[in-house]
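Right, one structure below, let's go through it.
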4 protein chains.
Amino acid sequence: MVKVGIIGATGYAGGELVRLLSMHKEAEIKWYGSRSYIDKKYASVYQNMFQIVDAVCMDDNMEELANQVDVIFTATPQGLCASLVNEDILSKVKIIDLSADFRIKDVRVYEKWYGIEHKSPQFIPEAVYGLCEINREDVKKARLVANPGCYTTCSILTAYPLAKEGIIDMSTLIIDAKSGTSGAGRGAKVQNLFCEVNENMKAYGVATHRHTPEIEEQLGYAAGEKVVLNFTPHLVPMNRGILATEYASLKKDVTYEEVKAIYDKYYADEKFVRVLEKDVCPETKWVEGSNYVDVNFKIDERTGRIIMMGAMDNLVKGAAGQAVQNMNLMFGLKESEGLEFVPMFP
Amino acid sequence: MVKVGIIGATGYAGGELVRLLSMHKEAEIKWYGSRSYIDKKYASVYQNMFQIVDAVCMDDNMEELANQVDVIFTATPQGLCASLVNEDILSKVKIIDLSADFRIKDVRVYEKWYGIEHKSPQFIPEAVYGLCEINREDVKKARLVANPGCYTTCSILTAYPLAKEGIIDMSTLIIDAKSGTSGAGRGAKVQNLFCEVNENMKAYGVATHRHTPEIEEQLGYAAGEKVVLNFTPHLVPMNRGILATEYASLKKDVTYEEVKAIYDKYYADEKFVRVLEKDVCPETKWVEGSNYVDVNFKIDERTGRIIMMGAMDNLVKGAAGQAVQNMNLMFGLKESEGLEFVPMFP
Amino acid sequence: MVKVGIIGATGYAGGELVRLLSMHKEAEIKWYGSRSYIDKKYASVYQNMFQIVDAVCMDDNMEELANQVDVIFTATPQGLCASLVNEDILSKVKIIDLSADFRIKDVRVYEKWYGIEHKSPQFIPEAVYGLCEINREDVKKARLVANPGCYTTCSILTAYPLAKEGIIDMSTLIIDAKSGTSGAGRGAKVQNLFCEVNENMKAYGVATHRHTPEIEEQLGYAAGEKVVLNFTPHLVPMNRGILATEYASLKKDVTYEEVKAIYDKYYADEKFVRVLEKDVCPETKWVEGSNYVDVNFKIDERTGRIIMMGAMDNLVKGAAGQAVQNMNLMFGLKESEGLEFVPMFP
Amino acid sequence: MVKVGIIGATGYAGGELVRLLSMHKEAEIKWYGSRSYIDKKYASVYQNMFQIVDAVCMDDNMEELANQVDVIFTATPQGLCASLVNEDILSKVKIIDLSADFRIKDVRVYEKWYGIEHKSPQFIPEAVYGLCEINREDVKKARLVANPGCYTTCSILTAYPLAKEGIIDMSTLIIDAKSGTSGAGRGAKVQNLFCEVNENMKAYGVATHRHTPEIEEQLGYAAGEKVVLNFTPHLVPMNRGILATEYASLKKDVTYEEVKAIYDKYYADEKFVRVLEKDVCPETKWVEGSNYVDVNFKIDERTGRIIMMGAMDNLVKGAAGQAVQNMNLMFGLKESEGLEFVPMFP
């Protein structure tokens, strides 16, 4: 039984970790960390856990936690994990960081896009970018996993096979992404009130969103070249779900079957990535509550472009689900343990 | 392994049965019946099941089904199950009917409220009303279970302890219920289009809704007297969830603690009914996707009334989840098998 | 041209006042008061007003305002208007208070339910309760109008004719009301975040909601007796709209036609109250954006009760629209001036 | 007073025409055409019109209509207007066609994308494309106006100034558009049910949507070159609103101020197009219920692209509002008559 500690257990990603780990057969949550709710019953913050979780919220004491658990999940604002981690802790416990602190290899890029100083850049080199389908073997050996961002997971997996196989001109890649509102977190902000989000849609962070360099770095590894792209996130009046619509020029004429074969090459054996049938567009509702990413594509001969689409639950595969998948890999468990949920519809 | 056949597998309740049974360790779906989609791949109707269910839809042949499976779920319009069932079938297979055909003991009441002739009234006496928390022992022995309606499950469980203990004046009971739109089914009707339901709320079936006599019959058994009440359903712009707000005059002065003790008497050992803490109002979101019913109450000394509240997922405890719970009881499985989901939030 | 000042112009009710008055032919807003946004452009707070309103937000200086305008609308938290008003101000300017400060004649009731001390009880007697359809003539002569609450407007108008005519037993009256989330205001609270409200429904303020004594007082005047009732509000995942479902025992046998005649007696000549045709249930969407209240009823012979229903836009007839209607009456304008909007659907 | 006939008055665009024209001071609806609801009271189909519209629905008799009214709006499926119109009718009455029949000058393009034969191609040359801001003078003189599509209005106006001024490389233009569900019409289809759309998002018509050639033709006129582009529509869980996010490579280095000046050149005097302030992203909610289009842009120096954004109410500026704007122009009325609504928020 893997003993788990969570720092940031009362945000939406933290709450989803609690939901998933509560049903996980090989894991047990020992520490519900939440600075905002210390000493409050966890189930009074997340009433869905009533009679399921009896624990009270604890502080963010990573030193103490390292002595008590096998793995720490940090579902916290940027900068916190980097400020807490040290060699002593990492020698005792594995860390899966759901923040951005260890996702980007070039610390200057991190500091520029996030506008904060990185407090422990010495651990960046060893951190493994935990996109399981791509870095599975490295994750298994990691002490410190940087769990990918929600937009990035969906954006990368949607384009990865074509980037890897060199089919698309990476300089033309444009990612137009749409997210449910849980991605904005549980902070009390006017802009996230029901009446502000409902019946509304907008782009935000245009040309400046922090997931941009993360996508560029990972797709750059795939393509074997430096990638600079446009990424535009949008806020959608729904709780969960990310949809990425991606555009790129094809380097050469390809048929549907050829492209389908490329997707299948990378994903046919992947449980959590489903390449849909021809002309079926991914819909966020069809993956809700599950760890699946549904992907598909359409070739437009008129423009010479390919339109790639991916749909995912931002709190599961985009955050807590992938974190659990990483934990499973790191502890030699079945990769899909605790994640074999059928999507909920409607 | 219990072999399962579903008739009406492509409605919302049928789809939920498929979702739940796909994750059930002791059951296996052998027949996906759907007159509307015969020979179509089930996963093309419910894309969430892509790569999970490979089967195609079959017709509604109950005779044939009875030879192949251990239990048949009928998630079909009123009248169909009653028109198909016969002694030969019941001698071979157990039936859990999610329609109203066998819920009401007085066939004249059924025929009056539903406006159709009952085609097999001879089986009404043996049918067990499958509200597990109340009729558990009878369900275990049943060949034919009448799975309760969604509104009725929530309405009954919310008031049951107080009706049973004679604390409330049953002639004053008023049930004001609110339901998400999946309760209206997957039929293509203008009134259920997104733009008609969204940003809208209305009562419907006022004083005439068919769940009324079902609630009256069951609460009448509990109270030991004939019950006539007002039940008013409302349509709410959400997918899932029923909230029942119930009003009744107290027969005598009671304290919070006394009423709490009554609820606990009936529900403290019930896994799927959670009596919330004082002053916490049930919310549908806190039980979404799960088999829980959350209940609570408030005494109003000014008016001498008690306000009882219950929240539930209409497709789980209100339909498919309760049906699976009944199946578990009928086949001697652990009652909560395949139903131990933590509610999903947000 | 009536010169208007608004205190609290950046809440949802204040924003609706700005929307309505911007299109009003006989009124002109001179002062956009908002303590939270002083010196910010109003249109940067409510982007819908871009290129329509150029003004910046001002403070809540009622003394100064009284010298500049003909009427002040206070769309502010309870207690503020009562703390600012004085005889000098009232001698210069008319006040329409959208808070509860002057709605309740018995100051002890106000102080008990609102939990605050009333700072100017001397003005309570002269304040007119601004439910235009009931107190039209008094409103015309008023200096100080207490604009009714949202729930109360809908709840009262739905039952008023039957209370007034003595058809229903007032001791049995139960009001189960449902409201869109704009009624909760624009404050940044976790409980009003999109993800907390969406796909969710709950009762709140059960047996304790502050609109209770206001409804009791007004229906008491209508019935000519002291009224004590149950009022239960619910939060619904939609922006606008209140639906009230009300239950009462009939004092005697009445026919549909008799009750319809009673409703028509009071509302046939009222532009903003529509008594729907038989068996048509009010829906909030059919009145959205307008000043209409749609009402109807259903007699249940089985229980001897009548179910009354009313639907209304909480920000229009439930707040800003009724305030403008009051202003029109107070200044001798056409009562419907600036309010003749057709409801928006879908 | 302009006498108006509507063919297709019970679809969502037709219903919006009725809403807007009911409040128009210079127009009067004489004919509510709706094949589906002949002889039914219009207000029983759209209950918001109760006590506002007394008329019953009529058939689609354009010949008869031409004798009774000054202008006919056809808010009907593709092909109907083209099959009904003839020289005799056009000699008596002006026609504003909200379908696509006369939008595209090359009849082969129309027939290819729409898959139907055009029944009156002889009127295509004289039809004026009714995008008022661009073709104002021609609209004034027209007998037959082709009212633009919803997506196209938003897509074109968002990019028009830059296309016209030659600032962007038209071969790189990609339009990613998102629409509320009213754009899908009021037909009873499973895919448009509340439970299918709510909490869901998807692309559809990828590389094949019929608004593509319309956008290409109009932006081609602006750019003075043949334009081939990608247009991808998405379905969003909201009633109203279209958001277009558009990407193109800049032909040369430009500053924010230079691009802003270009937008202002075309839109500073346009009442219904609002160029937002720097870094303010258009949101659909800020224009809801109004005839405004809000546009803005962001230059991305990293990629050399410009991201253009536009938001609009699909039923107003995207359909009925623009149709009324066209009517105003055709009859010498004030262009904004009946359209001066402030957007409704929230």
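Here are the numbers for the structure shown:
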read-out	value
For the stretch A:263-346, share of DSSP beta bridges that run antiparallel, in % to the nearest 5	75
In order through the stretch A:59-72: 3J(HN,Hα) via Karplus (6.51 cos²θ - 1.76 cosθ + 1.60), integer Hz, x for Gly, Pro	7, 9, 7, 5, 4, 5, 4, 4, 7, 9, 10, 8, 8, 10
Distant-in-sequence amide H partners of C:THR74 (H built 1.01 Å from N, under 5 Å)	C:ILE7, C:ILE96, C:ASP97, C:LEU98
Most positive-pole-ward Cα, B:LEU276, B:ILE175, B:TRP113, against dipole of chain B from beta carbon charges	B:TRP113
Listed peptides B:313-323, C:79-89, A:246-256 by packing density, highest first (mean Cβ within 10 Å)	B:313-323, C:79-89, A:246-256
Shortest-first nm distances, B:LYS25 label point to equivalent points in other copies (7 Å, Cα→Cβ)	0.5, 7.5, 7.5
Solvent-accessible area per residue, Å², over the stretch C:194-346 with all protein chains present [probe radius 1.4 Å]	27
Per-residue mean of C-beta atoms belonging to partner chains within 10 Å, peptide D:298-307	5
For the stretch B:1-127: rounded, prolate or oblate by the Cα gyration tensor [a/c cutoff 1.5]	prolate
Accessible surface of the stretch D:208-346 [probe 1.4 Å, protein heavy atoms]: carbon and sulfur percent	47
For B:GLU225, label point 7 Å along C-beta direction: distances to other copies, nm	2.3, 8.4, 8.6
Cα-Cα over 28 Å, subset of C:LYS3/D:LYS317; D:LYS41/D:LYS94; A:LYS285/B:LYS298; B:LYS178/C:LYS271; C:LYS94/C:LYS178	C:LYS3/D:LYS317; A:LYS285/B:LYS298; B:LYS178/C:LYS271; C:LYS94/C:LYS178
Interface size C-A, as summed buried accessible area [1.4 Å probe, Å², nearest 100]	1700
Assigned charges on the beta-carbon of Lys, Arg, Asp, Glu; chain A dipole about Cα centre (debye)	360
J(HN,Hα) series, the stretch D:80-95, from Karplus relation 6.51 cos²θ - 1.76 cosθ + 1.60, nearest Hz, glycine and proline x	5, 4, 4, 7, 9, 6, 8, 4, 4, 5, 5, 7, 9, 8, 8, 10
Leading residue at positive end of dipole, chain C (Cβ point charges), from C:ILE306, C:ALA146, C:ALA100	C:ALA100
Chain A: calculated mean residue ellipticity at 222 nm from DSSP helix runs of at least 4, using -39500 (n - 2.57)	-8500 deg cm²/dmol
Antiparallel DSSP beta bridges within the protein assembly as shown, percent to nearest 5	50
Among C:ASN48, C:GLY220, C:PRO343 the positive-end extreme of the charge dipole of chain C (Cβ point charges)	C:ASN48
Inter-part distance where the stretch D:34-111 and the stretch C:105-167 are each reduced to a Cα centre, Å	49
17 Å Cα-Cα reach of C:LYS40 towards aspartates and glutamates, excluding residues that sit fewer than 8 places from it in its own chain	C:ASP54, C:ASP59, C:ASP60, D:GLU277, D:ASP279
Axis-nearest residue in chain C [Cβ, rotation onto B], distance in whole Å	C:ASP176, 2
The stretch A:254-323-the stretch B:177-205 distance, computed between alpha-carbon centres (Å)	32
Label-point separation in nm, A:GLN191 to B:SER91, each point 7 Å along Cα→Cβ	7.1
Shape category assigned to the protein assembly as shown from the gyration tensor of Cα positions, a/c cut at 1.5	rounded
Average beta-carbon neighbours from other chains, 10 Å sphere, peptide B:171-181	5
Heavy-atom accessible area, 1.4 Å probe, ligands and nucleic acids excluded: residues of the stretch C:199-238 down by at least 40 Å² from chain alone	C:GLU199, C:ASN200, C:MET201, C:LYS202, C:ALA203, C:VAL206, C:ALA207, C:VAL228, C:ASN230, C:PRO237, C:MET238
Amide H within-cut-off set for A:GLU26, under 5 Å, with H built and near neighbours excluded	none
The stretch A:267-346: GluC sites (Glu not before Pro) falling in loop per DSSP and having at most 12 other Cβ within 10 Å	A:GLU301
Calculated label separations, D:GLN68, copies of the chain, 7 Å along the beta-carbon direction, nm	5.4, 5.8, 7.9
For A:ILE168, residues with placed amide H under 5 Å, excluding near neighbours	A:LYS251
Bridge type composition, chain A - antiparallel percent by DSSP, nearest 5	45
Cα gyration tensor category, rounded, prolate or oblate, for the stretch C:90-156 with a/c compared to 1.5	oblate
Dipole magnitude of the stretch A:131-170 about its Cα centre (Cβ charges: Lys, Arg +1; Asp, Glu -1), debye to nearest 20	280
Average accessible area per residue (Å²) across the stretch C:1-145 - probe 1.4 Å, nucleic acids and ligands excluded	39
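The values are calculated or read from the model by the stated rules, or taken from the named source; none is laboratory data. These numbers come from a predicted model, not from an experiment. As a convention, Cβ positions derive from the backbone with ideal geometry for all residues, glycine included, and neighbour counts pool all protein chains shown. Protein only, heavy atoms only, side chains kept; ligands, DNA and RNA dropped before computing areas. Shrake-Rupley method; radii C 1.70, N 1.55, O 1.52, S 1.80 Å.
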